[in-house]
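Worksheet: the structure to be examined is printed underneath.
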Amino acid sequence: MCYKDPAESMPPSEFAACTYVTDWVAAKLRWSLTADGAEKTKLKQVAASCPNAKVTWKGAR
């Protein structure tokens, strides 16, 4: 299975996109993963339309 990052593919609905972005960012933070420029740009673009979104994460042990 090949996963695409947000720069390559996003859910079609705005609500789903907000959930996807917050989950994606939480996973990146949890596992101390990096994001490339295109990924960061897309995440910021989508997050701008999600004013009430909150990212909750817990560091991996």
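The values are calculated or read from the model by the stated rules, or taken from the named source; none is laboratory data. Remember, it's a predicted structure, so these values are computed and weren't measured experimentally. Virtual Cβ from ideal backbone geometry, glycine too; neighbours counted across all protein chains shown. To get the accessible areas, we keep the full protein, side chains included, count just its heavy atoms, and leave off ligands, DNA and RNA. Shrake-Rupley method; radii C 1.70, N 1.55, O 1.52, S 1.80 Å.
Residue pairs, Cβ under 7 Å, 6 or more apart or interchain, first in the range 2-13 and acidic (Asp, Glu), second open to solvent by less than 50 Å² (accessible area, probe 1.4 Å). List them.
Asp5/Glu39
May I ask you to verify whether Ala53 is part of a loop (DSSP other than H, G, I, E, B), open to solvent by 40 Å² or more (accessible area, probe 1.4 Å) and either of a type in the set (A, V, I, L, M, F, W, C) or touching a strand residue (DSSP E or B) at 6+ places or on another chain (Cβ under 8 Å) (or both)? Working first, answer last.
On the way: part of a loop (DSSP other than H, G, I, E, B): yes; open to solvent by 40 Å² or more (accessible area, probe 1.4 Å): yes; either of a type in the set (A, V, I, L, M, F, W, C) or touching a strand residue (DSSP E or B) at 6+ places or on another chain (Cβ under 8 Å) (or both): yes.
Judged against the criteria, Ala53 is a match.
So, in the range 11-50, of the ones that are open to solvent by 50 Å² or more (accessible area, probe 1.4 Å), part of a loop (DSSP other than H, G, I, E, B) and of a type outside the set (Ser, Thr, Tyr), which residue ends up farthest from Arg61 (Cα to Cα)?
Among those residues, the one meeting the criterion is Pro12.
Among the listed residues Ala27, Ala60, identify the single one that is among the small types (Gly, Ala, Ser) and in contact with a Lys or Arg (Cβ under 8 Å, 6 or more places away or on another chain).
Numbers: Ala27 fails: in contact with a Lys or Arg (Cβ under 8 Å, 6 or more places away or on another chain).
Exactly one residue qualifies, and that residue is Ala60.
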